[in-house]
Structure formats: C-alpha cells, structure tokens
Amino acid sequence: MRTSDAERQRVADFLRDCCAEGRLTPDELEERLDRLFGGGTVADVRRLVADLPGGHAVVPRPGSPPAFRVLPEPPRRSSAPGVVAVIGFAVAPVLFMSLPWFIKAMVAGAAVMVGFVLAVTLVPVALMLWGLAWLASRLARARSQQRWWP
C-alpha cells in the first residue's frame, strides 16, 4: 500500500527527531530521507524505522483514515418555508377578523397577559444589567483618574 505525502512527512519529522537525539548520524538521516521520499509503500517506511525506538508508532496502518476527508455538499434549502410564512402572515389577519368578538377579546387578553409576564420578568433583569454597566463605567473612570506617581 502506498503512503501519502502527510504520512511520509510525519515519518521524516520522526527521523529528524531521532537524529537530534543522537540515534542517527546526519549521514544516516540523509540516506533514510532519500529512501523515504524515493520509495512510497508502507513496507519501505517500516524498514526505515524498524531499528528505532517508537518507530512502529509512525508507520502508517493499512486501514488508517486519510489525512483529510471530503465533506459532503450541504443540502439545498427550499424556499417553501418562506412562502408558507408569507402566506400565513397575509391570511392570519383575515382569519382573526372573521372571529366572533368574544374570541377576539380572549386572544387580546392573552396577548396582554403574556406581555405583562414578560415585562415583569425581563424589566428587573434589564435594570440590573444597566446598573452593573453603570457601576463598571464609574469604577473604570475612577481608576483611570488615579495618579500612579506621587
């Protein structure tokens, strides 16, 4: 099985590290690099690193995944949801106006209740965040006005 460029580069880095550790002489390194880039099969790589400790870890395995994978093309989006939304917004007022008055009153009351609940729960949070931002700006301003020298 042939090796990829990325796999050969990984083995070359390993051989350079072995030379830096003193396990290979510079001449041996050059010879092995020439054989590494001249060959190209897993068996060639295995022979080059067999006598080095940890060499088995850099030998490519036959079933190893490729260095990169091709992502599938994303599915095309349909414009149908947008069309349905536009039609829904156009038809909803007409349907709402055709309802009896007491149902309209219930829907309006429910909308007011939802608005009230959101206001009661979100306004204090907004005020707290505003207060924290104000305090942080005051502290930053006070700190920037301190003198750092006597």
Report summary line: Just one listed residue, out of Val83, Val107, Val112, Val94, is at pLDDT 90 or above, assigned to a helix (DSSP H, G or I), open to solvent by 60 Å² or more (accessible area, probe 1.4 Å) and of a type outside the set (Asp, Glu), and it is Val112
Requested in this report: Sort out which residues of the stretch 24-40 are within 15 Å of Arg2 (Cβ to Cβ) and either buried (at least 16 other Cβ atoms within 10 Å of the Cβ) or in contact with a Lys or Arg (Cβ under 6 Å, 6 or more places away or on another chain) (or both), and write them in order of number.
Outcome: Leu36, Gly39, Gly40
Query raised in the report: For the subset of the stretch 133-150 comprising residues that are part of a helix (DSSP H, G or I) and open to solvent by 100 Å² or more (accessible area, probe 1.4 Å), which member is modelled with the lowest pLDDT?
Result: Arg143
**Report entry** Every residue from the stretch 2-23 that is surrounded by fewer than 17 Cβ atoms within 10 Å (Cβ to Cβ), of a type outside the set (D, E, K, R) and not in a helix (DSSP H, G or I)
**Finding:** Ser4, Gly22
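The values are calculated or read from the model by the stated rules, or taken from the named source; none is laboratory data. Note that the coordinates shown come from a computational prediction; the quantities given were computed from them, not determined experimentally. Every residue, glycine as well, gets a Cβ built from its backbone with ideal geometry; the counts of neighbours run over all protein chains shown. Just the protein is used for accessible areas: all its heavy atoms, side chains included, with ligands, DNA and RNA removed. Shrake-Rupley method; radii C 1.70, N 1.55, O 1.52, S 1.80 Å.
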